[in-house]
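Reviewing the structure listed below.
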Amino acid sequence: MPSSQSGSVREKRRDREAELRRADVIAAASVVFGEKGFQGAQVAEIANTAELSLNSVYALFKGKEELYEAVLYAAAATIRDEVQAKAEALSDPADQLLSIIDTLFACFDDHRDLMRIYARATSGLPWRVREAMGEDSFTVLQEFTAWLVSVAQRASKQGSISGIDPETLALSLIGTITTSASRWIEDPKQESLAKAAPRVRSLFEHLIASENS
C-alpha cells in the first residue's frame, strides 16, 4: 500500500512538471510565432526561448503545427475567460456589453503576440479563423460569440437596445473590435490599444442605453 501511494505521488508530480513545461513552451512559442509568424518560426528557437532541449519540446508537442494551435487556443481561452469574468461581475447587460469593449481591447493589448498571429493569419476576417487557428480555437470563438449574443439579447429584452437586432449588434461589436485591433498590429507606432477603446465605446454608447448612464 505505501509503495502504491508513493507511486501515485510521483505520477502526480511528473504530471505537474509536464504541465509547467508545457506552459513554458506555449509562452515561448507565443513570442516566437508573434515575431516571425508560422512560416518563419523554428521549433529549435522555441525550445531555446523556453530554455528546454529540442527533445523535451517534441516530447510535449508533435511539431510546429500542434504548437501553433496550442498557442492560439491558450490565448483565446484566456481572453474569453477574462472578458466573461469582468462582464459577469456587472448586473446590467447593457453595462456588460460596454465593459466587453474595454476588456477586449485591454486583453488584446496584453496579448500582442496573439494579435500579430491572428492579424497575419486571418487578415482580421472571421471566416478565415477556422483554417488559420484550428478547430479548438475556432470553437472558443464560436462559444464566445454565442455568449456575447446572449448578453445583447438580455439587454434588448430590458429595453437597452431599441430598434436594433441584438445578434447584429453583438456581431458588429466584436467585428469592430477585432478589425480595429488587427489594423493596430500594422501600425508602426505601436500605440496602446487602450487608446482605441474609448472611440469604439462611444460609438456603441449611442446604441446601448445603460441603466447607469
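Other residues with beta-carbon under 12 Å from the beta-carbon of Arg21 carry, at +1 per Lys or Arg and -1 per Asp or Glu, a net charge of -2. When you count the other C-beta atoms within 10 angstrom of each residue and take the mean per peptide, 151-160, 32-41 line up highest first as 151-160, 32-41. Here the calculated FRET efficiency for Thr145 and Ala59, from their Cβ-Cβ distance with R0 = 35 Å, stands at 0.50, rounded to the nearest 0.05. For Ala59, the shell of other residues with beta-carbons less than 11 Å away shows a net charge of +3, using +1 for Lys and Arg and -1 for Asp and Glu. In order along segment 54-70, phi translates into HN-Hα couplings of 4, 5, 5, 5, 5, 6, 9, 9, 5, x, 5, 5, 5, 4, 4, 5, 5 Hz, rounded to whole numbers, per the Karplus curve 6.51 cos²θ - 1.76 cosθ + 1.60 with θ = phi - 60° and x for Gly and Pro. With a cut-off of 17 Å on the backbone N, the residues of segment 141-177 near the modelled label site 7 Å out from Thr78 along Cα-Cβ are 141. If the limit is 23 Å between Cα atoms, which of Lys86/Lys195; Lys64/Lys86; Lys64/Lys195 go over it? With Cα atoms farther than 23 Å apart: Lys64/Lys86; Lys64/Lys195.
Taken together, the values in this text are just the output of simple stated rules run on the coordinates, not laboratory data. Because the structure is a prediction, the values reported are computed rather than measured. Every residue, glycine as well, gets a Cβ built from its backbone with ideal geometry; the counts of neighbours run over all protein chains shown.
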